[in-house]
Amino acid sequence: MQEVKKFLSKNDEQEIVTAIKTAENNTSGEIRIHVESESEKDAYERALEVFQQLEMYNTEQRNGVLIYIAVNDKSFVICGDKGIDAVVSENFWNTTKDTMQHYFKKGNFKEGIVAGVLKAGEELKAHFPWQQNDEDELSNEISKG
Ligand code: CA
Ligand code: CA
């Protein structure tokens, strides 16, 4: 989508992809980012929809995580698959959310995403450590809608 370019430059995107790779060196969990300007739907509902569209359930341990961001709506949702939900507490993502919010409030959009991705990787590590035979099950590229 054209509009997303206003929020993220090519370099920003590259930095985010690098952060995803770094995070996934710590955990078998798979992190994806979806950015769009706004959504007519409730952000959480929309995040679940994107999760399905990106077929993020296609992981062996069901440990995909989508960070959904609607920029103009100033909303974001962290949406983990059921393999994660099964082993973590309800407020598991709060530290990641807080980290992102901290940067977003200051208008540091890219920094917030990078920090959120890295934080999510650290949090996942305890439950889903990286393994020798790890595969990159879900693309690291940013999805834009
Ligand atoms: Ca992986
Ligand atoms: Ca990946």
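In table form, for the structure just shown:
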| item | result |
| --- | --- |
| Packing-based exposure ordering (other Cβ within 10 Å, fewest first) of HIS34, HIS102 | HIS102, HIS34 |
| Tally of Lys pairs whose C-alpha atoms are under 15 Å apart, taken over the range 4-126, 8 or more apart or cross-chain | 16 |
| Within the chain: Cβ-based charge dipole about Cα centre, in debye rounded to nearest 20 (Lys, Arg +1; Asp, Glu -1) | 540 |
| Unit charges at the beta carbon, dipole of the range 10-145: most positive-side option, GLY145, LEU66, MET100 | MET100 |
| Sequence ranges 63-74, 48-59, 132-143, ranked by mean other-Cβ count within 10 angstrom, highest first | 63-74, 48-59, 132-143 |
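Quick note: the coordinates plus some simple rules give every number you see, no bench work behind them. This structure is a prediction, so every number in the text was calculated from the model and none was measured. Note that we place each Cβ from the backbone using ideal geometry, even for glycine, and neighbour counts take in every protein chain shown.
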